[in-house]
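Visitor: The structure's right below; bear with me while I get my questions together.
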Amino acid sequence: MLSKLIECGHTTKAISLPRARHPLHAMPTSTGYDLQTSPSYVWDGRARGQTPFTVLQHTISGTGTLRYENRVMKVRPGEAMLVIVPHNHRYWLEPGDSWEFFWISMHGREALRVHEMILSARGPVIRLGAATVDKLANCALKLIEGHGEMPGSASAIAYEASMALFDDTYGPNEIFPSSENSLSRAMQFIAANLSGDLDVDALARVAGLSRAHFSRSFAAMSGLPPAQYVLQERMRRAAKLLLANREVPVKEIAALSGVSDHNYFTKVFRRTYGITPSEFRTNGMYMAKR
């Protein structure tokens, strides 16, 4: 299927369907195949609007560069990049490089849930099995050929792509090193308990590792010490809650995000996004610092 997709040539397919009375929770927004050779190719995850969506981009040849929070990494042939927008990331093409890839973007509650799980387990750059790449290429090809012109069929293709990723990550044939399993458990525990107590000792117990070994391994995998990672994830949750629950007081949003001190919450939020929580709620993501 990948070769058939490449045979289509450079293609971008935007999927724009009328708003449904009953929204579906996995819906593609765009797909395509491309070969980039210009360093003007760049996308900023904090400058693409307020509506959450995901981007899965698989590298066929060449190399792209991804800055994900405070880490810079290369996305090489055979590797896929998975990111969620809005988020503190940026990806681009370095001068002299080329980047051949296909991608699928989607939105919807279920798509976001599944992709956040995979991000927590594997990080933003992942190597997928050949069968998974073929399934994803098939999904992209079906959308390009017009098989997603109705909401139900479009959603089915998006869900198929998400489940291909899920099976590649959690399927019976996928084996992770025990240390990675431990850290994945800790990350999933963090995601599920952001409003609770997430001190380093508790997270080390979840991972089944000593505090020192857990802290070193977690920082190596995520790019942040555990406490900083937890605080970052709490600010991400707060940003989502501020926009989705405009009637809820900022103080309650802080508590729901696991920060009981309102003044501290405002300070950290401003440091993260460049504006106060109230300003963020009023003006939206486009006001946040880049």
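The values are calculated or read from the model by the stated rules, or taken from the named source; none is laboratory data. Everything numeric in this text was worked out from a predicted model, so none of it was measured. Reconstructed Cβ throughout: ideal geometry from the backbone, glycine too, with neighbour counts over all protein chains shown.
Visitor: Pick from S179, S153: which is in a helix (DSSP H, G or I), over 25 Å from H87 (Cβ atoms), at pLDDT below 85 and not aromatic (F, W, Y)?
Guide: That would be S179, the only listed residue that is in a helix (DSSP H, G or I), over 25 Å from H87 (Cβ atoms), at pLDDT below 85 and not aromatic (F, W, Y).
Visitor: Report, ordered by the first and then the second residue, all pairs with beta carbons closer than 8 Å, sequence separation of six or more or different chains, a first member in region 193-221 that is assigned by TED's automatic domain parsing to the domain that holds A254 and under 18 Å from A121 (Cβ atoms), and a second member that is acidic (D, E) and buried (at least 17 other Cβ atoms within 10 Å of the Cβ).
Guide: Here the result reads L194/E233, each pair linking region 193-221 to a residue that is acidic (D, E) and buried (at least 17 other Cβ atoms within 10 Å of the Cβ).
Visitor: Considering E174, E145, which residue is acidic (D, E) and at pLDDT below 85?
Guide: Values: E145 fails: at pLDDT below 85.
Exactly one residue qualifies, and that residue is E174.
Visitor: List the pairs whose first member sits in region 70-83 and is outside any strand (DSSP E or B), whose second member is hydroxyl-bearing (S, T, Y), and whose Cβ atoms are under 8 Å apart, counting only residues at least 6 apart or on separate chains?
Guide: R76/T59; R76/T63; P77/T59; P77/S61; P77/T63; G78/T59
Visitor: Got a number for residues in region 207-249 being more than 23 Å from the chain's Cα centre (by Cα) and surrounded by 19 or more Cβ atoms within 10 Å (Cβ to Cβ)?
Guide: 2
Visitor: Which is crowded, with 19+ Cβ neighbours inside 10 Å and in contact with a Phe, Trp or Tyr (Cβ under 8 Å, 6 or more places away or on another chain), of G108, G32, G62?
Guide: G32
Visitor: Being of a type in the set (A, V, I, L, M) and touching a helix residue (DSSP H, G or I) at 6+ places or on another chain (Cβ under 6 Å) is true for just one of A121, A130. Which residue is that?
Guide: A121
Visitor: Right, something else. Going by the structure shown, is I126 touching a Leu at 6+ places or on another chain (Cβ under 6 Å) and buried (at least 19 other Cβ atoms within 10 Å of the Cβ)?
Guide: No.
Visitor: Report the residue count in region 131-148 for those that are more than 19 Å from the chain's Cα centre (by Cα) and free of Cβ contacts under 8 Å to residues at least 40 places away in the same chain.
Guide: So the answer is 5.
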